[in-house]
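The values are calculated or read from the model by the stated rules, or taken from the named source; none is laboratory data. As the structure is a computational prediction, the values presented were derived from the model and not from experiment. Every residue, glycine as well, gets a Cβ built from its backbone with ideal geometry; the counts of neighbours run over all protein chains shown. Heavy atoms of the whole protein, side chains included, go into the accessibility calculation; ligands, DNA and RNA do not. Shrake-Rupley method; radii C 1.70, N 1.55, O 1.52, S 1.80 Å.
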Amino acid sequence: MGSGSGRFGHAAIAALACVLLFVAPAAAQSTYETKAKWAILMDADTGSVLFEKNADDLMPPASMSKLMTLAVVFRSLKEGRLSMDDTFVASEHAWRKGGAPSGTSAMFVPLNERAELRELLQGIAVQSGNDACIMIAEGMSGTEEAFADVMNEYARKIGLKKSTFRNSTGLPHPDHMMTARELAKLAIHIIKEYPDYYHYFAQKEYKYRKHVFYNRNPLIYDDIGVDGLKTGYIRASGYGLVASAEEQGQRLVVVVNGLESKNDRRSEGRKLLQWGIRSFKPWKLFNDGELVGDALVWGGDKRYVNLIGKGDVSILLPRTSSRKIKASIVYNGPLKPPIKKGDEVAFLRVTAPNAAVNEIPLYAAEDIGEGPMWMKGLESLLHLAFGWVL
């Protein structure tokens, strides 16, 4: 990403200078080890990465990729294109590939029977029903392959650049791949964007017809604040888990995958979450609406646009401190008008020696319109002649 350097005001510099760092997160994470082949621990509010291991390597996500299936459904519910009363049919394909004959995790909807969306959502979130996923995919897009295209489109829209989806279930496919980092980002997206539906992940039991299903996420039964999200297993990936826990207002998301047993999945996920809660805490840099800095504008009616966060601007750092952090405003610049108040135009990058990076989105605090043509021409001439930016 190209960058322009924003100008911090006196208040911004003073606020940042007051925040101290005792041990860099990278140094802190080096003291932690996990059996998982792939892992990441993220703070949901700040996006801070507290621990990672092969987090950008593609891996088979198994049923954890059902989070993308659910995200597509939640979006349609939120936008009013689906309702909980809508029904979907168990086609022969859905029944054979994901239902009773499949030998995989299933909701056991009978062949050619219909089920309401509210039933299918519980069948996915609690039981990880492959038949329920395929029924929804076929009902929404005609075929599972077409639904996978929607999943891929949505993934790119929310910034998941590496993940590729080939089905709605996570059943084995050589091109159905995700990274631990993008799984964590997807989980955070669901938590923030669809709070009205997040409660399904914490549901411990679901009764459907003659069946009683118990949530496959083992951590929701432990008293550590976990309230979601999904487990996964196929032979190619081993046992995996993406989970979220909230304690004292701090929400963390963990992803572990590539483990040898269900017990390892439970213990490694639990230990990593508890380590994060014990070792880190949020630090507030700026209050809601407080000026963070500004960014250069090319050809606008103002030379700079003021930048603010969305709500309080906070980062997550280890609990004791000894050294000052460093911060810079990064953006593709100079920015070009028109800029609307509330547009995301930059981010605040906060680092320390040997530290993982915190990056917080920054937004325009004001509208910036087009400047006069003579000013644009002068700026262009000076830039071409001398490399000047006024």
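Computed from the C-beta positions of residue 326 and residue 202 and an R0 of 35 Å, the FRET efficiency is 0.35 to the nearest 0.05. How large is log10 of I(q)/I(0) for the range 112-220 at q = 0.10, 0.16, 0.21 Å⁻¹ when the intensity is taken from the Debye formula with one equal scatterer per alpha-carbon? Debye intensities relative to I(0), on a log10 scale: -0.31, -0.83, -1.37.
Please give the contour-minus-distance gain from residue 366 to residue 96: 0.36 nm per residue of separation, less the Cα-Cα distance, rounded to one decimal in nm.
On the way: separation 270, 0.36 × 270 = 97.20 nm, distance 5.62 nm.
Length gained between residue 366 and residue 96: 91.6 nm.
Each peptide in 113-126, 282-295 gets a packing score, the mean of other Cβ atoms within 10 Å over its residues, and the list from highest to lowest is 113-126, 282-295. Taking label positions 7 Å along the Cα-Cβ direction at both residue 32 and residue 114, the computed distance is 4.8 nm, reported to one decimal.
In this simple spin-label approximation, residue 162 and residue 223 carry label points 7 Å from Cα along the Cα→Cβ vector, and these lie 3.8 nm apart. Across the range 332-344, rounded Karplus estimates of 3J(HN,Hα) from the backbone phi angles (6.51 cos²θ - 1.76 cosθ + 1.60, θ = phi - 60°) give 6, x, x, 6, 10, x, x, 10, 9, 3, x, 5, 7 Hz, Gly and Pro being marked x.
Of all accessible surface on the range 172-290 at a 1.4 Å probe, what whole percent is carbon and sulfur? Solvent-exposed carbon and sulfur of the range 172-290 make up 44 percent of the total. Separation of the alpha carbons by more than 18 angstrom is noted, of 37/271; 192/284; 157/310; 157/192, for 192/284; 157/310. Note on residue 302 and residue 193: their simple-model spin labels are 3.0 nm apart, each label 7 Å out from Cα toward Cβ.
Rolling a 1.4 angstrom probe over the protein heavy atoms with all chains in place gives the range 152-275 an accessible area of 45 Å² per residue.
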